[in-house]
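Engineer: The structure follows.
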Amino acid sequence: MPVGDEEPGYGIGAVARMLGVPAPTLRTWNLRYGIGPSRRSPGGHRRYDDTDLRRLTEMNRLIHAGMPPADAARQALRLGPRARDEAERAMPPVPDSGGAPVPGQSLMPAAMIARAAAALDGATVSRGLEAALRAHGVVWAWEHVALPVFAAICRRQEETGAGVEIEHLFTDRLMTALVTFASRAPRPVHPRPVLLACAEDEQHSLPAHALAAALSGLGAQTRVLGARTPYPALADAMRRLGPAAVFVWSQRRVTGDPAPLAALPRLRPASRIVVGGPGWWDALPRGVVRVTAFHEAITAVMTSVR
């Protein structure tokens, strides 16, 4: 789903960000199991197409479900190609479990939202995001709208060297839509809140806000501390609020040192520590749960507040 007429395909960096799988792992999967990029750019660079993405997403899901990587790859490779314009077809309406649709709002394709972002048309981007959130909820809007648009923006940046302003506008509109959606959540079902923060010096906070919105919709109290949360500040917040769970996001490897997690306070009743994002190193402290997909993060947190 290109923003304009750029050549289809995704670079390895964009795919790693979308799937939360480190680029070296993607290269290993390609070398060992033959599940990798199937296109080449005019300059000879390998590119992932939509079918490659579907296969990698399925392989990642199967591995985290407990299947050996070789078996997961064989099963994922059975997925055939799918029309590239699928993301550009209108999104089918479904019953709204979170309230009546806003008059005049209708669902628009992800491609249309991407074009609006490329034109810096913030109002249209906001309308499209709000309609998708109200009709389908956070997880669906994240996977079927936000990630495809970000993929198109990343591809544009890689191929043209431009488009940072598009990414900033879309991020701002998406953040606003998520916060607004979370503010309309039903009454919390558990007295203890969930704390969400970014690792110290980590500036990418959007995934934490997306998770907070999804959890709020399920009846969890959430407190988002935002980007670059110092670990001492997170520890103070834990002592004050006594959260049922704490989620910490790391996007970049430079922010993914797990050692400070071991110094977080041990509360009674205990707070479950969950981490997500491709930045985290191995050897997490004992008891820390690592998740690699949106639905896994929701499940890991909600088991503490039900």
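The values are calculated or read from the model by the stated rules, or taken from the named source; none is laboratory data. Computed from a predicted structure; not experimentally measured. Quick reminder, even Gly has a Cβ in these numbers, built from the backbone with ideal geometry, and neighbours come from all protein chains shown. SASA here: full protein model, heavy atoms, side chains in, ligands and nucleic acids out. Shrake-Rupley method; radii C 1.70, N 1.55, O 1.52, S 1.80 Å.
Engineer: In the range 116-147, what residues are surrounded by fewer than 17 Cβ atoms within 10 Å (Cβ to Cβ) and not in a helix (DSSP H, G or I)?
Structural biologist: Across the range 116-147, the qualifying residues are Ala119, Leu120, Asp121.
Engineer: Identify the residue in the range 168-201 that is under 27 Å from Asp257 (Cα atoms) and under 15 Å from the mean Cα position of the chain (by Cα) and, among all such residues, is surrounded by the most Cβ atoms within 10 Å (Cβ to Cβ).
Structural biologist: Filtering the range 168-201 for residues that are under 27 Å from Asp257 (Cα atoms) and under 15 Å from the mean Cα position of the chain (by Cα), the one surrounded by the most Cβ atoms within 10 Å (Cβ to Cβ) comes out as Leu196.
Engineer: Report yes if Ala111 is modelled with pLDDT under 85, of a type in the set (A, V, I, L, M, F, W, C) and surrounded by 12 or more Cβ atoms within 10 Å (Cβ to Cβ), otherwise no. I'd like the intermediate steps shown before the answer.
Structural biologist: Values: modelled with pLDDT under 85: yes; of a type in the set (A, V, I, L, M, F, W, C): yes; surrounded by 12 or more Cβ atoms within 10 Å (Cβ to Cβ): yes.
When the stated conditions are applied, Ala111 passes them.
Engineer: Here's something else I'd like to know. Does Gly13 satisfy the condition of being surrounded by fewer than 14 Cβ atoms within 10 Å (Cβ to Cβ), modelled with pLDDT of 75 or more and on the phi > 0 side of the Ramachandran plot?
Structural biologist: Numbers: surrounded by fewer than 14 Cβ atoms within 10 Å (Cβ to Cβ): yes; modelled with pLDDT of 75 or more: yes; on the phi > 0 side of the Ramachandran plot: no.
So Gly13 does not fit the description; no.
Engineer: Just the residues that are within 12 Å of Leu215 (Cα to Cα) and part of a loop (DSSP other than H, G, I, E, B), please, taken from the range 188-201. Explain how you work it out, then say what you get.
Structural biologist: Narrowing the range 188-201 to residues within 12 Å of Leu215 (Cα to Cα): 188-190, 193-196.
Once the filter is applied, which keeps residues that are within 12 Å of Leu215 (Cα to Cα) and part of a loop (DSSP other than H, G, I, E, B), the range 188-201 yields Pro188, Val189, His190, Pro193.
Engineer: Here's something else I'd like to know. Pro69: at pLDDT 70 or above and either over 19 Å from the mean Cα position of the chain (by Cα) or within 22 Å of Ile166 (Cα to Cα) (or both), yes or no?
Structural biologist: Spelling it out, Pro69 is indeed at pLDDT 70 or above and either over 19 Å from the mean Cα position of the chain (by Cα) or within 22 Å of Ile166 (Cα to Cα) (or both).
Engineer: Six or more apart or on different chains, Cβ under 9 Å: which pairs go from a residue in the range 268-294 that's at pLDDT below 90 to one that's buried (at least 20 other Cβ atoms within 10 Å of the Cβ) and aromatic (Phe, Trp, Tyr)? Could you list them?
Structural biologist: Phe294/Trp142
Engineer: I would also like to ask the following. Any residue that is of a type in the set (Phe, Trp, Tyr), touching a Cys at 6+ places or on another chain (Cβ under 6 Å) and within 17 Å of Leu196 (Cβ to Cβ) - is there at least one of those in the range 230-239? Talk me through it step by step, then tell me what you get.
Structural biologist: Residues of the range 230-239 of a type in the set (Phe, Trp, Tyr): 231.
With touching a Cys at 6+ places or on another chain (Cβ under 6 Å) added as a condition, the list becomes none.
Within the range 230-239, not a single residue is of a type in the set (Phe, Trp, Tyr), touching a Cys at 6+ places or on another chain (Cβ under 6 Å) and within 17 Å of Leu196 (Cβ to Cβ).
Engineer: Sticking with this structure for a sec: Residues to consider are Thr57, Thr51; find the one that is at pLDDT 80 or above, among the β-branched types (Val, Ile, Thr), surrounded by 13 or more Cβ atoms within 10 Å (Cβ to Cβ) and over 23 Å from Gly279 (Cα atoms). I'd like the intermediate steps shown before the answer.
Structural biologist: On the way: Thr57 fails: over 23 Å from Gly279 (Cα atoms).
Testing whether each residue is at pLDDT 80 or above, among the β-branched types (Val, Ile, Thr), surrounded by 13 or more Cβ atoms within 10 Å (Cβ to Cβ) and over 23 Å from Gly279 (Cα atoms) leaves just Thr51.
Engineer: Now a separate question. Going by the structure shown, is Pro232 over 19 Å from Ser304 (Cα atoms), of a type outside the set (A, V, I, L, M, F, W, C) and without any contact (Cβ under 8 Å) to a residue 12 or more places away in the chain? First the steps, then the outcome.
Structural biologist: Values: over 19 Å from Ser304 (Cα atoms): yes; of a type outside the set (A, V, I, L, M, F, W, C): yes; without any contact (Cβ under 8 Å) to a residue 12 or more places away in the chain: yes.
Yes.
Engineer: Residues to consider are Pro191, Pro186; find the one that is in contact with a Gly (Cβ under 7 Å, 6 or more places away or on another chain) and either modelled with pLDDT under 90 or among the small types (Gly, Ala, Ser) (or both).
Structural biologist: Details: Pro191 fails: in contact with a Gly (Cβ under 7 Å, 6 or more places away or on another chain).
So the residue among Pro191, Pro186 that is in contact with a Gly (Cβ under 7 Å, 6 or more places away or on another chain) and either modelled with pLDDT under 90 or among the small types (Gly, Ala, Ser) (or both) is Pro186.
Engineer: For the range 80-91, indicate whether the set of residues that are out of contact with any Phe, Trp or Tyr (no Cβ under 8 Å at 6 or more places or on another chain), within 26 Å of Leu218 (Cβ to Cβ) and modelled with pLDDT under 85 is non-empty.
Structural biologist: Taking the range 80-91 and keeping what is out of contact with any Phe, Trp or Tyr (no Cβ under 8 Å at 6 or more places or on another chain), we get 80-91.
Restricting the remaining residues to those that are within 26 Å of Leu218 (Cβ to Cβ) gives 91.
Still in the list and also modelled with pLDDT under 85: 91.
There is at least one residue in the range 80-91 that is out of contact with any Phe, Trp or Tyr (no Cβ under 8 Å at 6 or more places or on another chain), within 26 Å of Leu218 (Cβ to Cβ) and modelled with pLDDT under 85.
Engineer: Could you list, in sequence order, all residues of the range 157-167 that are surrounded by 14 or more Cβ atoms within 10 Å (Cβ to Cβ) and in a loop (DSSP other than H, G, I, E, B)? Write out each step before concluding.
Structural biologist: Residues of the range 157-167 that are surrounded by 14 or more Cβ atoms within 10 Å (Cβ to Cβ), as a first pass: 157-159, 163, 166-167.
Gly163, the sole residue that qualifies.
Engineer: Where in the range 214-306 are there strands (runs of 3 or more DSSP E), lying fully within it, with 1 or more residues that are open to solvent by 30 Å² or more (accessible area, probe 1.4 Å) and of a type in the set (Phe, Trp, Tyr)? Even if it seems obvious, please write down each step before you answer.
Structural biologist: Numbers: elements: 222-226, 245-249, 272-276, 289-291.
By residue number, 245-249.
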